[in-house]
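These notes concern the structure reproduced below.
None of the figures in this text is laboratory data; all of them are computed from the coordinates on show. Everything numeric here is computed off the predicted structure, so don't read it as measured data. As a convention, Cβ positions derive from the backbone with ideal geometry for all residues, glycine included, and neighbour counts pool all protein chains shown.
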Amino acid sequence: MQDIMRIGDLPKAVGQSVTVRGWVMTTRSSGKIGFLVLRDGTGYLQAVLPKAELPESVWESFKQLTQEASVAVTGAARADARAPGGVELTLTGLELLGPSLDFPITPKEHGTTFLFEHRHLWLRSRRQVAVMRVRHEAIQAMRDFFYQRGFVLVDTPLLTGAIGESAGNLFETDYFDLGKAYLAQTGQLYLEAAAAALGKVYCFGPTFRAEKSKTRRHLTEFWMVEPEVAWYDSQDNMRLQEDFVSHVVGRCLDRRKEDLKELERDTAPLERVTPPFHRISYTDALKKLEGLGASVEWGKDIGGDEETMLANSFEKPVLVYNYPKKAKAFYMKENPADPRTVLNNDCLAPEGYGEIIGGSQREDDHDRLLARIRQERLPEDAYGWYLDLRKYGTFVHSGFGLGVERTVAWICGMPHVREAIAFPRQMHRLRP
RNA sequence: UCCCGAGUAGCUCAGCUGGUAGAGCAGCCGGCUGUUAACCGGCGGGUCGCAGGUUCGAGUCCUGCCUCGGGAGCCA
């Protein structure tokens, strides 16, 4: 009876005869010796077939193997420097479990259109496997961070009435007798309610934006992690962000080194991601941009190109704070020191990745919030419950939202967010 | 929605000022005892995105449409 093992556990089985099941990545043969590289999700394994030492039937099966066929192989595990992974298997048995004819993704180049049309199969490639592992690690690190700090996970609704940030296009759907429902683009407002119950809370889930944006930074469905903390002001909020981001990046560096190597990620810029981050006010950022030869009119949001320029002038993430009130959402707290601005901040990742976090201290004054809602011509009755939070024991509180795909793309050093999620949703892509 | 760019073999692409379709890889056949996207030889493979126009003749020029990519706006 053979032990059935996962490739990742093979270093512990050197000297033993084992069976491994997986998918064929490539086969090579030089007539009297054959090689077979296998993947099972825990690693890659090279199996060697010396023709002279094998039953004829095993050699015949080997010759018929094709890319991505599923197989069970049996052999002696052996340490060998020539094998990727350091351990290889000298085969004594080979069983074809599932044939695979004309696998579309060959070991040569492909265009992104073709690859995304075959995303369900592309996911099996080394690079994509590495990305998914880094994503998994980053998400686990996020959850652990909050768990360790006493945050409570609160799941916010994905189907909502007309509420949320003022701008942005929402996906809508019919909702029984209540008219239209909209897919959530943030859980923040609900989290503010939960923060008054539980103190430190966060939500983690998909969010939807029906914007017709076709850029390397946008998806129509993406994942966002949003903490909200009672009694935190904007300064506390920024400290939380730099601790959070540093923790996530550090964990990936620590535990997903192999995957980052597979992705050929230069980790030096990531090693520098430690608190404190740089801090610069919006107004000073404009001055700095002026010096770099780009001028932005005060009151306008900082555009993508300028944002990149700004972020690139720092060697680690930068927190840009106190944006003009008129460029920002209604719920952000007015800056008492300069009422033209609000107590918010963005976190810009270096290396051209730009905004990964948007956060703010929330307006906790009932009348001021109501005035802002009216100013923005938002449906007042829909915000009744939100205003209640300021009516019954209002409290200083702050929070932020971090874009998971943007963060993963940055950590992996990928040019586009769409590779940072298994099945990206974009304007022109709804399948697979 | 706007501004650029691209659609040619299963895939990645070449195809000049218009002259009747080409390479690499993949596939199939054969060879090779340590390969790392193995290598060497051979074979098959096309509605040139769609529709119309100019022309003796269109992959190539013109018009319209479709699809995709990049960017802008908006944001994470």
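For this structure, a couple of remarks:
- Two-site FRET efficiency, A:Glu172 against A:Thr90, from Cβ-Cβ distance with R₀ of 45 Å, rounded to 0.05: 0.15
- Highest-fluctuation residue, A:Leu240, A:Leu158, A:Leu54 considered, GNM on chain A with Cα pairs under 10 Å: A:Leu54
- When chain A is treated as a Gaussian network with alpha carbon springs shorter than 10 Å, the biggest mean-square fluctuation among A:Glu258, A:Glu355, A:Glu221 belongs to A:Glu258.
- Cβ-Cβ FRET estimate between A:Arg143 and A:Val396, R0 fixed at 22 Å, reported to 0.05: 0.30
- Charge tally around A:Arg429: other residues with Cβ under 15 Å, Lys/Arg +1 each, Asp/Glu -1 each, net +3.
- Chain lengthening between A:Arg429 and A:Arg6 when straightened (0.36 nm per residue, less Cα-Cα): 148.8 nm
- A protection proxy built from the mean count of other Cβ atoms within 10 Å ranks the segments A:176-185, A:248-257, most packed first, as A:248-257, A:176-185.
- Fully extending the segment from A:Thr283 to A:Ser100, taken as 0.36 nm per residue of separation minus the present Cα-Cα distance, adds 59.9 nm.
- Virtual spin-label span in nm between A:Lys326 and A:Lys32, 7 Å along Cα→Cβ: 8.4
- Share antiparallel - DSSP beta bridges, chain A, percent rounded to 5: 85
- A simple spin-label model places the labels of A:Glu271 and A:Ala294 2.9 nm from each other, with each point 7 Å out along Cα-to-Cβ.
- Charge context of A:Pro104, other residues only, Cβ under 10 angstrom, K/R +1, D/E -1: -3
- For a modelled paramagnetic label at A:Arg255, 7 Å from Cα along Cα-to-Cβ, the residues of the stretch A:402-427 in reach, with backbone nitrogen under 16 Å, are A:408.
- Among A:105-114, A:270-279, the order from most to least packed when residues are scored by Cβ within 10 Å on average: A:270-279, A:105-114
- Chain A: calculated mean residue ellipticity at 222 nm from DSSP helix runs of at least 4, using -39500 (n - 2.57): -9000 deg cm²/dmol
- Peptide packing: for A:24-32, A:45-53, A:315-323, the average count of neighbouring Cβ atoms within 10 Å per residue gives the ranking A:315-323, A:45-53, A:24-32, highest mean first.
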